[in-house]
């Protein structure tokens, strides 16, 4: 059976533009899905209703695989944590209404703790977040920013099958320097993928602004995609860039280049994209 991957535009890639513009461009350029940037979502809902958003997505036939992103759960104070839980519940209700699947939760490294203490903290705090989600059909996808082996120890400590991972190939490259470490991740843990590339510079000097369109940098994306294929991943490939030079372009041009380069990389991998 041929596995067909799904194209997705992340709202960070078109950061200067509104959620309404993102939805329109996603449809016009031909992406299957839009990963909604939560900051843009909040801005939209200050002026318009959730019903209007749902209608807009329906009109343009745009799927929303995930909302991106929320953090501040793991090492925040008790008061801050309670506030973050309230915000998460608000997002869960929105995600349910617009038929999204995941909310991306940012991991927070080890917070200056040793691994064992950090594992306890993650198990406690993320466990509470997962309990909150149990009343909804939305799942949490944790985005890790460092080495995969450490990530898997954290996930094992949380020990909850309701938790998934979003794998961002930029973070894998910057954190591990070894794309092959994606092999270590059980296939059923991978719920969503951020795909991007980056310029050639020392990994410890890389920042988000160094991301470039897929295939235009030094990350071995063909190897990455073939590993995903070996794990039967058939979800979304969400192009997530924070390139300020790209942001100077109009949103259609940004999205057009993103989809074209994504298709080229997927085709070089011997895979299919819709």
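Any read-out appearing in this document is the output of simple, stated calculations on the displayed coordinates, not a laboratory observation. This one's a predicted model, so the numbers in the text were calculated from it and none came from an experiment. Quick reminder, even Gly has a Cβ in these numbers, built from the backbone with ideal geometry, and neighbours come from all protein chains shown.
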Compute the length gained on full extension between residue 85 and residue 274: take 0.36 nm times their separation in residues and subtract their Cα-Cα distance, giving the result in nm to one decimal. 64.5 nm
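FRET efficiency for residue 28 and residue 205, Cβ-Cβ distance as r, R0 = 41 Å, nearest 0.05? Show your work: numbers first, answer last.
Numbers: r = 36 Å, r/R0 = 0.89.
After rounding, the FRET efficiency stands at 0.65.
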How many angstrom lie between the Cα centre of segment 28-80 and the Cα centre of segment 108-152? 22
Two pseudo-spin positions, 7 Å from Cα along C-beta at residue 267 and at residue 188, lie apart in nanometres by 3.6
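Taking only DSSP H segments of four or more residues, each worth -39500 (n - 2.57), what value at 222 nm results for the chain once the sum is divided by all its residues, to the nearest 500 deg cm²/dmol? All intermediate terms of the calculation are to be shown ahead of the outcome.
Working: 9 runs with 117 residues, N = 274.
The helix contribution divided over the chain gives -13500 deg cm²/dmol.
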Taking 0.36 nm per residue of separation between residue 145 and residue 93 and subtracting their Cα-Cα distance, the length gained on full extension comes to 16.0 nm
Work out, step by step, the length gained on full extension between residue 260 and residue 135: first 0.36 nm times the residue separation, then minus their alpha carbon distance; give nm to one decimal. 41.1 nm
Placing each pseudo-label 7 Å from Cα in the direction of the beta carbon, residue 61 and residue 49 end up separated by a distance in nanometres of 2.7
